[in-house]
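Below you'll find the structure, written out as structure tokens, and then a few comments.
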Amino acid sequence: MYTGLPVYLSTIHMKTILIVDDEPKIVKLARDYLEHAGMRVVTAGDGKFALTVARSEKPDLIVLDLGLPEMDGLDVTRALRKESNVPIIMLTARGEESDKLVGLELGADDYMVKPFSPKELVARVRAVLRRLDAARMNAQAEIIRVADLTLDVPRMRVT
């Protein structure tokens, strides 16, 4: 049956966001706004469980608090960076410049200080995801396939 919608719309991937925070009110607020923005949200309340969820769910982005039980957010970031380039937005009460610098140097893509605007969080999540999608599109554009021929421009390889 023809629906009038282009076929590619049926294959749009709903982005999965992992929120890691030990404060249930923060988790609920962020989850509500991100879900309202059309994203799938999974959550974790401590650092060790966050790693488990990240490995099983393969989120498109992680919103990560630094002050977590079991394993703090900086250690979670270190562990994630050993195995993944998943974008990380740190959302924390630690607002000192030194905290921001450490978080960003460890591999965070953005840093927000609590209290925060949930609308700004959604905007920052969308911005990071847009940059990631653009980078993926550019990488795909650099590999050209015609029949049995593949031209991998970044690697300068033809197969």
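Please give the number of the condition VAL42 fails out of (1) assigned to a helix (DSSP H, G or I); (2) modelled with pLDDT of 95 or more; (3) in contact with a strand residue (DSSP E or B) (Cβ under 6 Å, 6 or more places away or on another chain).
(1) is the only condition that VAL42 fails.
Looking only at residues in the stretch 30-62 that are more than 14 Å from the chain's Cα centre (by Cα) and among the hydroxyl-bearing types (Ser, Thr, Tyr), which one is surrounded by the fewest Cβ atoms within 10 Å (Cβ to Cβ)?
Ranking the qualifying residues of the stretch 30-62, first place goes to SER56.
Within the stretch 84-99, which residues are in a loop (DSSP other than H, G, I, E, B), touching a residue at least 24 places away in the same chain (Cβ under 8 Å) and not β-branched (Val, Ile, Thr)? Spell out the reasoning first.
If we filter the stretch 84-99 for residues that are in a loop (DSSP other than H, G, I, E, B), which is where we start, we get 84-87, 93-96.
Okay, now just the ones that are also touching a residue at least 24 places away in the same chain (Cβ under 8 Å), so 84, 86-87, 93-94.
Scanning the stretch 84-99 gives SER84, PRO87, ALA93, ARG94.
Return the pairs, sorted by first residue and then second, in which the second residue is surrounded by fewer than 18 Cβ atoms within 10 Å (Cβ to Cβ) and assigned to a strand (DSSP E or B), the first residue lies in the stretch 30-56 and is in contact (Cβ under 8 Å) with a residue 12 or more places away in the chain and aliphatic (A, V, I, L, M), the beta carbons are less than 6 Å apart, and the residues are 6+ apart or on different chains.
VAL53/VAL42
Criterion first (open to solvent by less than 80 Å² (accessible area, probe 1.4 Å), over 26 Å from TYR33 (Cα atoms) and at pLDDT 95 or above) does ALA79 satisfy it?
Values: open to solvent by less than 80 Å² (accessible area, probe 1.4 Å): yes; over 26 Å from TYR33 (Cα atoms): yes; at pLDDT 95 or above: yes.
It is true that ALA79 is open to solvent by less than 80 Å² (accessible area, probe 1.4 Å), over 26 Å from TYR33 (Cα atoms) and at pLDDT 95 or above.
Taking the condition of being open to solvent by 100 Å² or more (accessible area, probe 1.4 Å) and modelled with pLDDT of 70 or more, how many residues in the stretch 137-154 meet it?
Counting residues in the stretch 137-154 that are open to solvent by 100 Å² or more (accessible area, probe 1.4 Å) and modelled with pLDDT of 70 or more gives 3.
Let's see how each residue does on (1) in a helix (DSSP H, G or I); (2) closer than 22 Å to LEU106 by Cβ; (3) modelled with pLDDT of 95 or more:
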site: ASP22; (1), (2), (3): no, yes, yes
site: LYS25; (1), (2), (3): yes, no, yes
site: LYS28; (1), (2), (3): yes, no, yes
site: GLU35; (1), (2), (3): yes, no, yes
site: VAL53; (1), (2), (3): yes, yes, yes
site: VAL63; (1), (2), (3): no, yes, yes
site: PRO69; (1), (2), (3): no, yes, no
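Consider ILE88 against the criteria (1) at pLDDT 95 or above; (2) surrounded by fewer than 17 Cβ atoms within 10 Å (Cβ to Cβ): it satisfies all of them except one. Which criterion is unmet?
(2)
Could you tell me which residue of the stretch 108-135 is surrounded by the most Cβ atoms within 10 Å (Cβ to Cβ), considering only residues that are of a type outside the set (S, T, N, Q) and part of a loop (DSSP other than H, G, I, E, B)? Quick ask: steps written out before the conclusion?
If we filter the stretch 108-135 for residues that are of a type outside the set (S, T, N, Q), which is where we start, we get 108-116, 118-135.
Adding the requirement that they be part of a loop (DSSP other than H, G, I, E, B) leaves 108-109, 114-116.
Numbers: ALA108: 24, ASP109: 19, LYS114: 14, PRO115: 7, PHE116: 16.
Of everything passing the filter in the stretch 108-135, ALA108 is surrounded by the most Cβ atoms within 10 Å (Cβ to Cβ).
Mind checking which residues of the stretch 100-126 are within 23 Å of GLU83 (Cα to Cα) and touching a strand residue (DSSP E or B) at 6+ places or on another chain (Cβ under 8 Å)?
Within the stretch 100-126, LYS100, GLY103, LEU104, GLY107, ALA108, ASP109, ASP110, TYR111, VAL125 meet the criteria.
The values are calculated or read from the model by the stated rules, or taken from the named source; none is laboratory data. These numbers come from a predicted model, not from an experiment. Quick reminder, even Gly has a Cβ in these numbers, built from the backbone with ideal geometry, and neighbours come from all protein chains shown. Ligands, DNA and RNA are excluded from the accessible area calculation, which covers all protein heavy atoms including side chains. Shrake-Rupley method; radii C 1.70, N 1.55, O 1.52, S 1.80 Å.
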